[in-house]
Every structure is written in C-alpha cells, then in structure tokens.
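For reference, the structure is listed below as structure tokens.
No value in this document is a laboratory result; all are computed from the given coordinates. Source: prediction; values computed, not measured. Cβ placement follows ideal geometry from the backbone for every residue including glycine, while neighbour counts extend to all protein chains displayed.
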Amino acid sequence: MTSHPRPLSAFLLTLGMNARPITWPTVPKGKDRVRVCLHAGNTREDVERLVEGVVEWAEDALIGWQQERMRMKQVSATRLVGVLLESKL
C-alpha cells in the first residue's frame with residue numbers, strides 16, 4: 001500500500017516490471033496500492049529486483065519529500081521575515 005501508487009508504478013515500469021496502480025474507486029480512498037502479480041515462473045532474481053526497485057523508489061521519494069519540506073520551510077520563513085519587516089515600516 002502507498003499513498004503514491006502512480007509514481008511507484010511508473011518507476012517500476014521503467015525497470016521493466018508490470019506493476020499497476022490501484023486507486024479509488026477500485027479501493028477506498030486512502031487505501032491506494034500497487035498490484036504486483038508474482039507467478040511460478042518468477043526467479044529469485046526477479047523478486048529481488050522488484051524489492052530493490054521499490055526500495056530505490058522509496059528512498060528517492062523520501063529524499064524528494066524532505067527537500068520539498070525544507071523548501072517550503074524556507075519559503076515560509078522568507079514570507080514571515082517580509083511580514084515582520086512590513087509591520088515595522
């Protein structure tokens with residue numbers, strides 16, 4: 001399950017894996033997921049590549065979200081400074 005099924009699905013597709021995003025109305029809002037179908041023909045390497053792909057995406061996404069949060073804090077701080085300066089003028 002993930003709150004970002006489409007980006008994860010797209011990333012896995014670039015790695016040659018067929019993983020489909022499952023979102024509302026197929027599942028309740030907030031229960032989004034990516035569907036992966038494993039079968040007897042999958043090798044251990046196939047499964048390890050899937051796991052490594054999901055981990056890589058999650059690590060990259062986490063870094064991106066942290067950077068965005070820091071950028072938003074900087075924007076907020078800059079706006080606050082502007083408001084404080086205006087109020088003193």
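Numbers for the structure displayed
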item: Estimated FRET transfer efficiency when R0 is 22 angstrom, pair Gln66-Lys29 (beta carbons, to 0.05); result: 0.30
item: Residues in segment 15-44 reached by a label modelled at Thr2 [backbone nitrogen below 14 Å; 7 Å Cα→Cβ]; result: 15-23, 32-37
item: Residue-count net charge about Val51 - beta-carbon cut-off 14 Å; Lys, Arg +1, Asp, Glu -1; result: -4
item: Degrees separating the helix 5-14 axis from the principal Cα axis of the chain, which is the longest one; result: 60 degrees
item: Ratio Rg/Rh, restricted to the chain and using Cα atoms, in which Rh is the Kirkwood radius; result: 1.25
item: Rounded to the nearest 20 debye, dipole of the chain from Cβ charges on Lys, Arg, Asp, Glu; result: 520 debye
item: Potential lengthening between Ile22 and Val51 on full extension [0.36 nm per residue; Cα-Cα distance subtracted]; result: 8.6 nm
